[in-house]
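The block underneath contains the structure these notes are about, expressed in structure tokens.
Throughout, read-outs are computed from the coordinates displayed, never taken from laboratory work. Predicted model, so just to flag it, every value in this text is computed and none were measured. Heads up, the Cβs are rebuilt from the backbone with ideal geometry, glycines too, and the neighbour counts pull from every protein chain shown.
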Amino acid sequence: MDGPSAPRNGQEIVRLENAHKIYQMGTEQVNALAGVTVSFERGSFWAIMGPSGSGKSTMMNILGCLDRLTSGSYYLDNQDVSRLDDDALSELRLTYLGFVFQSFNLIPQLTVQRNIELPLYYLGWDAARSARRAKELAEEVGLGDRLHHRPTELSGGQMQRVAIARALTNDPQIIFADEPTGNLDSATGEQIMELLDKLNQLGKTIIMVTHEPDIAAHARNRLHMIDGVIDRIETGTYETGKDRQKHSAGH
Amino acid sequence: MRQAKIARNIALGIENLLLHKLRSFLTMLGVVFGVGSVVAMLSVGEGASAEAMDQIRRLGSNNIIISSVKSAEEEQAQASVQRSRISVYGLTYQDFTRVAASFNHVKQAAPVKLTRKDSRLRERSMELRVVGTTPQWFDLVPREIVAGRVLMQADEDERAPVAVLTEFGARKILATEAVIGQTIRITGNEFKVVGVVKSESGQAGNIQIPDQEADVYIPLGVARTYFGDISIRQKSGSMEAEQVQLHQIIVQVEDSRYVEAVAAGIERMLEQFHNKKDYAISVPLALLRQAKATKRTFNIVLGSIAGISLLVGGIGIMNIMLASVTERTREIGIRRAIGAKRRQIIYQFLIETVVLSTTGGLIGLGVGVLIPFLITYFSGMATVITLNGVLLPLLISMAIGILFGLYPAMNAAKVDPIIALRHE
Ligand SMILES: Nc1ncnc2c1ncn2[C@@H]1O[C@H](COP(=O)(O)OP(=O)(O)OP(=O)(O)O)[C@@H](O)[C@H]1O
Ligand SMILES: [Mg+2]
């Protein structure tokens, strides 16, 4: 697996090298990713930003092993995954990655418990152990009393908590969150971000797409995209309007 | 471990199907009716043919039965002017001697002379069918002995006026009294009852089983001397007289291989000695074969109907499953994103269809067992439920689940998670 361009840095968990993703629309080509080279470290918290259509979701799908590059390489934890087959990518998602989506993507027919248990089912856990784990995680996200509810009986914030609990079930190395607060009001969004902050502090790598600067402010690194390429990378926290308000209120 | 996993998958499949109870039920209805009708038809068909074959077998598969029949010319002659004419036809004592003696593979033969006579025991009286025959008859048409003994060669030799009754006749004429040793009078002649045999009733094809009625068996020689060969019947004002020596000859062949050859030989021989065709030869073995062939045809027709109805049921399931896959595209996308492999998505949908079709099969089985039960209960028609008749439709319904579930399941596995997740 170790080619000439194998990763050098032990701290690195994700690296794209000259990544291209081209969608063929009839005669037209859409360069959703047009040569991206970037590397994320283990335990980092990234916000990917940029205008609509700039390729943020495309990049997330590639990084999340849901999609494959047209050309270039993708190293996930030092493993070149650009040439893995569908089953191997599924296995990676199952054991290594967690997903949180803008529209929650819970299965509406299943109870909260069953939704959280879903990855464990594919991991082959038995029913009793799965149930215990689901309860533990539901409590962790503050929904210990909603295990037998259906998603339709929950608020948006609660649904997103369930989604986060589900993303944590397999104890993933990386959590991908594509606009996790996009469908929530700002107060609820803050609560969700607090959860993600906590997870990051516990050592999980978090890669998140967002439009909102207030949300992006939770990330230590921000990557701005335009037209399928990286526009700029910002590192370190910055003060948002909200932060300033908080600070002045506190003083 | 593996069983636990399969059990869990099935439990989850059932859980999923129960989310849409009515839809699931309607989906399996096709299989319910398919399997139900197959099981019901099989058991009715099996019952009918088992009954027919049993009756034929009771006639003896190594036997040939020659019966006297009134030839067509005789029938006409009698119907026309000559009213008081005695019609003479049928098998003769000589025929019997010849048949019994001139064929290699004939093991034994029994002559049968039938007359209907009033019989009485003290004040009780009824009409019995009097069967004059030889002891061989009881070998050829085996009947269980209820009491006493059957006819013996000595009875024949001594012209002993003894009688063997069928259980049915015995009960009618002798009521509850002890039977053996009683004397019954048959048109003035006294007979000592020496035995009682079991009655058998029924009809096999066109052949009358000789003792389906209340019969009394007496030695042939006795029947001949007491009652003669002429019988007179009162018929709408006019008299009808017939002279028939023997009504039947039952021939037993050593081995079923020779039955048809011997039957053909007998036919040729009778042709020689009779100038009219006043006899009929029936071969139970041939009837048995015919019955089997009929059953085979029946099974083919049944199989086709069953096949078509199960096909329709299967297509019904496939149709709903395809719709369900489209409806659940997003769910499939979520499962795939979380890490489900294509194969696992296939399993999930396949298990659902197999659970559907097998449940349909089980319900259909219940319906299919109930129907023959009701038929037997209300009409008395025999029905037989065989193990095959139960297992086969069940296995087929399971196979239908796999066959018709595979395509929708493959469709489900082909769903692209990225597109599915955008699916609203
Ligand atoms: N399946 C596809 N087929 C064709 N073109 C696609 C497909 N998916 C994305 N694209 C195109 O690729 C480009 C990048 O899309 P992407 O979804 O990554 O944008 P985005 O940055 O996530 O935008 P938004 O902020 O609106 O979510 C767009 O021009 C889009 O039209
Ligand atoms: Mg997007």
Next item on the list: Percent of Cα-Cα pairs per 20 Å bin, from 0 to the last occupied bin, for the protein assembly as shown, please list those.
Entry: 14, 28, 17, 13, 14, 11, 2, 0
Next item on the list: Evaluate the relative contact order of chain B (contact order divided by residue number), counting alpha-carbon pairs under 8 angstrom at least 6 apart; express in whole percent.
Entry: 29 percent
Checklist line | Theoretical FRET efficiency, 1/(1+(r/R0)^6), r = Cβ-Cβ of residue B:14 and residue B:94, R0 51 Å, to 0.05 | finding: 0.05
Checklist line | Cα gyration tensor shape of chain B, rounded if a/c is under 1.5, else prolate or oblate by comparing a/b with b/c | finding: prolate
Margin query: Once you place label points 7 Å from the Cα toward the Cβ at residue B:7 and residue A:128, how far apart are they in nm?
Written below: 1.2 nm
Item checked: Sites residue A:11 and residue B:414, calculated FRET efficiency, Cβ-Cβ separation with R0 41 Å, nearest 0.05 -> 0.60
Check: So what is the relative contact order of region A:12-250, in percent, for Cα pairs below 8 Å that sit 6 or more residues apart?
Finding: 27 percent
Notebook entry, point to check: For region A:80-184, what class follows from the C-alpha gyration tensor (a ≥ b ≥ c being the square roots of its eigenvalues): rounded when a/c is under 1.5, otherwise prolate if a/b is larger than b/c, else oblate?
Noted result: oblate
Margin query: Please compute, for the alpha-carbon atoms of region A:12-250, the extent along each of the three principal axes and give them in descending order in Å.
Written below: 52, 49, 35
Check: Under the Karplus relation 6.51 cos²θ - 1.76 cosθ + 1.60, θ = phi - 60°, what is the ordered set of whole-Hz ³J(HN,Hα) values for region B:22-33, x standing for Gly and Pro?
Finding: 5, 4, 4, 5, 5, 4, 7, 4, x, 5, 4, 5
Next item on the list: Could you give the size of the charge dipole of the protein assembly as shown about its Cα centre, using +1 on the Cβ of each K and R and -1 on the Cβ of each D and E, expressed in debye and rounded to the nearest 20?
Entry: 1160 debye
Checklist line | Under-5 Å amide H pairs with residue A:80, H placed in peptide plane, nonlocal only | finding: none
Check: Cα-Cα over 24 Å: which of B:5/B:341; B:198/B:277; B:70/B:107; B:113/B:276?
Finding: B:198/B:277; B:70/B:107
Note to self: Per 0.36 nm of contour for each residue apart, how much would the distance between residue B:308 and residue B:292 grow if the chain were fully extended, relative to their Cα-Cα spacing?
What the structure shows: 3.4 nm
Next item on the list: List the aspartates and glutamates whose Cα lies under 15 Å from the Cα of residue B:414, skipping any in the same chain that are fewer than 8 positions away.
Entry: A:67, A:85, A:86, A:87, B:327, B:331
Checklist line | Local net charge near residue B:383, Cβ-Cβ under 13 Å (Lys/Arg +1, Asp/Glu -1) | finding: -2
Notebook entry, point to check: What lysines could a cross-link reach from residue B:192, if we take a straight Cα to Cα line under 17 Å and drop same-chain neighbours fewer than 8 places away?
Noted result: B:117, B:172
Note to self: Given the DSSP H assignment, sum -39500 (n - 2.57) over each helix run of at least 4 residues in chain B and divide by its residue total; what's the result at 222 nm in deg cm²/dmol, nearest 500?
What the structure shows: -19000 deg cm²/dmol
